[in-house]
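The values are calculated or read from the model by the stated rules, or taken from the named source; none is laboratory data. Not measured: the values here are computed from a predicted model. Cβ: placed from backbone, ideal geometry, glycine included. Neighbour counts: every protein chain shown. Please note that ligands, DNA and RNA were not included when accessible areas were found on the heavy atoms of the full protein model with its side chains. Shrake-Rupley method; radii C 1.70, N 1.55, O 1.52, S 1.80 Å.
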Amino acid sequence: LYADIFNSFEDKTNDFQDWINDLSNQPDIIGGHADEIHDVVLQMVALGNHKFTTAAGNEIVIFDDELTAIANAMKLAYDDYAQQLSDADTYFTAEECSVECVDGDLSPEQCTCGNCVDSCCLT
């Protein structure tokens, strides 16, 4: 009954590996829903009774305020890094862009025209 359904998907092994390999080229385009690690840590804090076990088998107790501080620091670092990536994608200031869009929308940060009709960009 289900064999026909599974066969219709064919072998996706190579497709998945190609997708994984391409992530290094375009790491900010992965799609789907992602939980940021600091949010997961804060969710864990709500559970209480936190203990970590080392490889040697020793138990380490960590308190909620310590975990919250770690999660908050992780969020700040994440936000800072995201801003750095965003800034790196901005190649021009509005004053540096010499493109003029006649019948399109100018993106001065990227110095490109969008939604063009015919040849709308003049340099």
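So the values come out like this:
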quantity	calculated
Qualifying residue in the range 25-37 (condition: surrounded by 11 or more Cβ atoms within 10 Å (Cβ to Cβ) and either at pLDDT 85 or above or in a helix (DSSP H, G or I) (or both))	yes
Residue, most open to solvent (accessible area, probe 1.4 Å), within the range 92-123, restricted to residues that are modelled with pLDDT of 70 or more and not in a loop (DSSP other than H, G, I, E, B)	Glu100
Neighbours by Cβ (under 8 Å, 6+ apart or cross-chain): first from the range 54-68, β-branched (Val, Ile, Thr); second open to solvent by 80 Å² or more (accessible area, probe 1.4 Å)	Thr54/Ile60; Ile60/Lys51; Ile60/Phe52; Ile60/Thr53; Val61/Lys51; Ile62/Lys51; Ile62/Phe52
Selection within the range 55-69 - open to solvent by less than 80 Å² (accessible area, probe 1.4 Å) and either touching a Leu at 6+ places or on another chain (Cβ under 9 Å) or not small (Gly, Ala, Ser) (or both)	Ile62, Asp64, Leu67, Thr68
Condition met for Gln43 (under 25 Å from Ile62 (Cβ atoms), open to solvent by 70 Å² or more (accessible area, probe 1.4 Å), modelled with pLDDT of 70 or more and among the polar types (S, T, N, Q))	yes
